[in-house]
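What follows draws every value from the coordinates through simple rules; no lab data is involved. This one's a predicted model, so the numbers in the text were calculated from it and none came from an experiment. Every residue, glycine among them, receives a Cβ derived from its backbone with ideal geometry; neighbour counts consider all protein chains shown.
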Amino acid sequence: MKMDSMYQEIILDHYKHPHGKGLRDGDAEVHHVNPTCGDEITLRVRLDGSTVADISYDSQGCSISQASASVLNDLLVGKQVGEAQQVQEAFLELMQSKGQSEGDEELLEDAIAFAGVSKYPARVKCALLSWMAWKDATAQALAEAPVKESA
Ligand code: ZN
C-alpha cells in the first residue's frame, strides 16, 4: 500500500507539472486518441542524427495519460534512438503485465510508477497513448532521415 501511494504521488506530480509540454519544431507529428477515455495527444519528435533531440506534445485527458506523456519526455529526450526504443518496449511489457511485473527501475525510472495501472485494462490505453504516439512519430522521422546503424 505504501508503495502504491508513493507511485500515485509520482503520477500526480507529473500530471500537475508536466515536463516538456507544448509543441515545438519536429521532424514528424502524429495525433493519437484514446476514445475509451477521451485522451488526446499531438506529439512531435525531433531527431539529431541518432539522438532523440526533442519530444514535444500537446495533450488533454486523464491524469494517467498526461503524467505518462511527461514521464516519456523525461525518459527519452537525449537518448539514442535505439536506447529509447528499448525503454519504450520495456514500458509496453510492463503495461501488458496485468500487475505481474514491477518493472526494471534502472531502465524505466519514474515510469515504474505505472506498474499498478497494468492491473486495469481500461487504463492501460491511457498510459500507453503517448508511448505509442512516440513510436509512430519516431518511425516516421526515421523513414524521412534514416539513422545509420552504429555497429
Ligand atoms: Zn485516460
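Screening segment 57-85 for residues that are within 11 Å of the ligand (Cβ to nearest atom) and not in a helix (DSSP H, G or I) and picking the one that is nearest to PHE114 (Cα to Cα) gives CYS62. Among the conditions (1) of a type in the set (Asp, Glu); (2) in contact (Cβ under 8 Å) with a residue 12 or more places away in the chain; (3) touching a Ser or Thr at 6+ places or on another chain (Cβ under 8 Å), GLU93 misses just one, which is (2).
Using the structure shown, decide if ASP39 is surrounded by 16 or more Cβ atoms within 10 Å (Cβ to Cβ), within 15 Å of the ligand (Cβ to nearest atom) and not basic (Lys, Arg). Here the answer is yes, as ASP39 does meet what is asked.
Each residue in segment 1-15 was checked for being within 16 Å of SER70 (Cβ to Cβ) and away from the ligand (no atom under 16 Å from the Cβ), and 4 of them qualify.
Out of curiosity, is PHE91 within 14 Å of the ligand (Cβ to nearest atom) and within 19 Å of TRP134 (Cα to Cα)? So PHE91 does not fit the description; no.
For segment 17-52, the set of residues classified as closer than 16 Å to LYS135 by Cα and among the hydrophobic types (A, V, I, L, M, F, W, C) consists of ALA28, VAL30, VAL33, ILE41, LEU43, VAL45, LEU47, VAL52, listed by residue number.
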